[in-house]
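Heads up: the structure comes next, in structure tokens.
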Amino acid sequence: YSPGVSEPMRILNNYLRRENNMLGKQITELAILVTAREFDSNYIWSAHEPSALKVGVPQATIDVIKFRKDAAGVAGKEGLVINMGRQMFRDHKLDSATYAKALDTFGKQGLVELVAIMGDYSANALFLHAFDQHVPPDRKPLLPAK
């Protein structure tokens with residue numbers, strides 16, 4: 001209903017998901033799942049959990065996000081992405097240690113693109129919630145009921 005909004009968002013989403021090679025598909029899908037869970041977006045989650053599994057995100061890592069478990073057992077980049085998303089969406093900032101580790105791990109451009117993915121999907125979640133969009137009938141809702 002607003003081409004001026006939808007077209008730039010589509011271009012950004014396409015770049016972040018398909019043209020961005022800095023982060024890789026696993027980290028991209030993981031960032032989307034963290035965002036979907038923090039916004040309780042069953043629509044986004046149900047579209048991206050299968051995608052995350054397909055690109056090799058382990059079910060155990062997905063379950064940490066899905067069931068809001070402690071991420072201490074998730075090592076490396078994956079654990080960092082989970083902690084980053086939780087801090088940004090719950091505390092509205094990254095603590096200094098997490099920021100420094102993320103910058104060291106992903107570099108400046110990678111960190112900007114990782115935050116942009118989460119920002120893009122948070123905007124998507126807001127639209128879906130505002131317009132009361134539900135998981136399509138041909139897809140099973142994959143998040144636990146509230």
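The values are calculated or read from the model by the stated rules, or taken from the named source; none is laboratory data. Remember, predicted model here, so these are calculated numbers, not experimental data. Heads up, the Cβs are rebuilt from the backbone with ideal geometry, glycines too, and the neighbour counts pull from every protein chain shown. Side chains are part of the model used for accessible areas, which takes the heavy atoms of the whole protein and leaves out ligands, DNA and RNA. Shrake-Rupley method; radii C 1.70, N 1.55, O 1.52, S 1.80 Å.
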Checklist entry - Ile117 versus (1) β-branched (Val, Ile, Thr); (2) surrounded by 18 or more Cβ atoms within 10 Å (Cβ to Cβ); (3) more than 16 Å from Arg17 (Cα to Cα): which is the lone unmet condition? => result (3)
Next on the checklist: Out of everything in region 132-146 that is open to solvent by less than 40 Å² (accessible area, probe 1.4 Å) and within 24 Å of Gln26 (Cβ to Cβ), what residue ends up being nearest to the chain's Cα centre (by Cα)?
Outcome noted: Leu143
Checklist outcome for this item: Restricting attention to region 1-49, the residues that are polar (S, T, N, Q) and part of a helix (DSSP H, G or I) number exactly 8
Checklist entry - When you look at Ala100, is it part of a helix (DSSP H, G or I) and over 17 Å from the mean Cα position of the chain (by Cα), yes or no? => result yes
Item to check | Subset of region 8-35 that is farther than 21 Å from Lys108 by Cα and out of contact with any His (no Cβ under 6 Å at 6 or more places or on another chain) - its residue that is most open to solvent (accessible area, probe 1.4 Å) | outcome: Arg10
Checklist entry - Could you list, in sequence order, the residues of region 1-60 that are polar (S, T, N, Q) and within 17 Å of Val135 (Cα to Cα)? => result Thr35, Ser41, Asn42, Ser46, Ser51
Checklist entry - Do you know which residues across region 52-87 are open to solvent by 40 Å² or more (accessible area, probe 1.4 Å) and closer than 20 Å to Leu111 by Cβ? => result Ala75, Gly76, Lys77, Glu78, Asn83
Next on the checklist: Can you find a residue that is touching a helix residue (DSSP H, G or I) at 6+ places or on another chain (Cβ under 8 Å) and either under 18 Å from Leu30 (Cβ atoms) or among the basic types (Lys, Arg) (or both) anywhere in region 123-131?
Outcome noted: yes
Checklist entry - For His48, all conditions in the list (1) in contact with an Asp or Glu (Cβ under 8 Å, 6 or more places away or on another chain); (2) touching a residue at least 24 places away in the same chain (Cβ under 8 Å) hold save one; what is the number of the exception? => result (2)
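Taking Asp40 as the residue in question, decide whether it is modelled with pLDDT of 95 or more, within 20 Å of Val112 (Cα to Cα) and among the acidic types (Asp, Glu). Outline the logic, then answer.
On the way: modelled with pLDDT of 95 or more: yes; within 20 Å of Val112 (Cα to Cα): no; among the acidic types (Asp, Glu): yes.
Spelling it out, it is not the case that Asp40 is modelled with pLDDT of 95 or more, within 20 Å of Val112 (Cα to Cα) and among the acidic types (Asp, Glu).
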